[in-house]
Amino acid sequence: MYKTILLTGGSGFIGKNIKESYLSGKYKIIAPSHKEFDLLDEKAVAEFFNNNRIDVVIHSACRPGHRNAQKPDLVFYENMLMYYNIIKNDTKFGKMLVIGSGAIYDMRHYKPKMKEDYCGTYIPIDQHGFSKYLIYKDIENRNNVIDLRVFGIFGKYEDYTIRFISNMICKAIFDMPLTIKQNRKFDYIWVEDFNRILEHFIEKDNFRYKAYNITPDYSIELSEIAKMVLKISHKNLPIIVADKSIGLEYSGDNSRLKSEMVTLNLTSLEPAIRKLYNYYNEIKADLDFKYLSVDK
């Protein structure tokens, strides 16, 4: 029988990619809209679980804390409330995969290839990171919840006005300079690879750990990504770096993930970026040029 999956945040970047992926053919994915299913409404969440048999919850819904986010003062409150309204019903689903974040390690103290147990060395002071930290402290005491810590993930439907790879691609398409506020190293994973990783965690039970960094083997400088975009575009555009210093590296050790998935086989960055470049080229008419002219 098909496993039934409740996908929260189905209208977001990750959620949309999950719904459109091969996973929709393998599982019955229920992804109600916010109007259909308000995660901030305790009674509505309880009623949903009373009326639906759910094998796996993929919790990707969150109030974002990025530069384009609305009502950033509600990030902590709403992220915590959504999680606890779901987890209150933990006897009514098999397991829950929480889409976490590398922000849990505290943006003030990032270091290269952070291990999962680096969590708690410093307490994040931003609302997004702090909510992820407290949610994980609850996960530690549960048998059926796993924290999947995503660092850089890219693909279609992400916010091209602020997300780095999409932003570089769209600027190249419009023949604009590729501008970088500060060069630093990042861990990036292609969203289609992330879906394969999700499948593994959907299928398997009895995990050794409560948290896994979802990261590649190697990090890459933002300036190198910009050069890769220019190579793919066949254009000779300037790359402008505002701050010449190197920022803190944002990367995580993936040893735990590789112990679970021996044949991880992640897509190389260049072919993935080429695929995303072609996607944006096809929808060029739908892109709003004015948002690319202001760096946020």
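General remarks:
- ASP205 vs. criteria out of contact with any Phe, Trp or Tyr (no Cβ under 8 Å at 6 or more places or on another chain) and loosely packed, with under 13 Cβ neighbours inside 10 Å: yes
- Checking MET168 against (1) part of a helix (DSSP H, G or I); (2) touching a residue at least 60 places away in the same chain (Cβ under 8 Å); (3) surrounded by fewer than 20 Cβ atoms within 10 Å (Cβ to Cβ), the condition it does not meet: (3)
- On the stretch given as segment 154-197, residues that are over 14 Å from LEU276 (Cα atoms) and out of contact with any strand residue (DSSP E or B) (no Cβ under 7 Å at 6 or more places or on another chain) total 7.
- Only one entry in LEU7, LEU74 is modelled with pLDDT of 95 or more and either surrounded by 21 or more Cβ atoms within 10 Å (Cβ to Cβ) or assigned to a helix (DSSP H, G or I) (or both), namely LEU7.
- Contacts under 7 angstrom Cβ, first residue in segment 281-293 being closer than 24 Å to LYS181 by Cα, partner of a type in the set (Lys, Arg), 6 or more apart: LEU292/LYS171
- Only one of ALA211, ALA226, ALA242 that is among the small types (Gly, Ala, Ser) and in contact with an Asp or Glu (Cβ under 6 Å, 6 or more places away or on another chain): ALA211
- Qualifying residue in segment 199-217 (condition: free of Cβ contacts under 8 Å to residues at least 40 places away in the same chain, within 16 Å of the chain's Cα centre (by Cα) and within 21 Å of MET96 (Cβ to Cβ)): no
- Criterion (surrounded by 12 or more Cβ atoms within 10 Å (Cβ to Cβ) and either of a type in the set (Ser, Thr, Tyr) or within 11 Å of LYS185 (Cα to Cα) (or both)) met by exactly one of SER245, SER223, SER259: SER223
To keep it simple, each residue is scored yes or no on (1) modelled with pLDDT of 95 or more; (2) touching a helix residue (DSSP H, G or I) at 6+ places or on another chain (Cβ under 9 Å); (3) closer than 25 Å to CYS170 by Cβ; (4) of a type in the set (Asp, Glu).
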{"site": "ALA211", "(1), (2), (3), (4)": "yes, yes, no, no"}
{"site": "PRO216", "(1), (2), (3), (4)": "yes, yes, yes, no"}
{"site": "ILE220", "(1), (2), (3), (4)": "yes, yes, yes, no"}
{"site": "LYS227", "(1), (2), (3), (4)": "yes, no, yes, no"}
{"site": "LYS231", "(1), (2), (3), (4)": "yes, yes, yes, no"}
{"site": "ASN236", "(1), (2), (3), (4)": "yes, yes, yes, no"}
{"site": "LEU248", "(1), (2), (3), (4)": "yes, yes, no, no"}
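- The number of residues in segment 10-58 that are among the β-branched types (Val, Ile, Thr), closer than 21 Å to LEU74 by Cβ and either in a loop (DSSP other than H, G, I, E, B) or in contact (Cβ under 8 Å) with a residue 60 or more places away in the chain (or both) comes to 1.
- If the condition is being exposed (fewer than 12 other Cβ atoms within 10 Å of the Cβ) and among the β-branched types (Val, Ile, Thr), then segment 262-278 contributes VAL262, THR263.
- Helices (runs of 4 or more DSSP H) wholly inside segment 184-268 containing at least 1 residues that are more than 30 Å from LYS28 (Cα to Cα) and among the polar types (S, T, N, Q): 222-233, 255-260
- Qualifying position, being in a helix (DSSP H, G or I) and either touching a residue at least 40 places away in the same chain (Cβ under 8 Å) or of a type in the set (Lys, Arg) (or both), among ASP147, ASP138: ASP138
- Filter result for ARG196 (basic (Lys, Arg), over 24 Å from LEU264 (Cβ atoms) and surrounded by fewer than 18 Cβ atoms within 10 Å (Cβ to Cβ)): no
The values are calculated or read from the model by the stated rules, or taken from the named source; none is laboratory data. Nothing here was measured: the structure is a model prediction, and the numbers come from that model. Don't worry about glycine lacking a Cβ; one is built from the backbone with ideal geometry, like all the others, and counts go over all protein chains shown.
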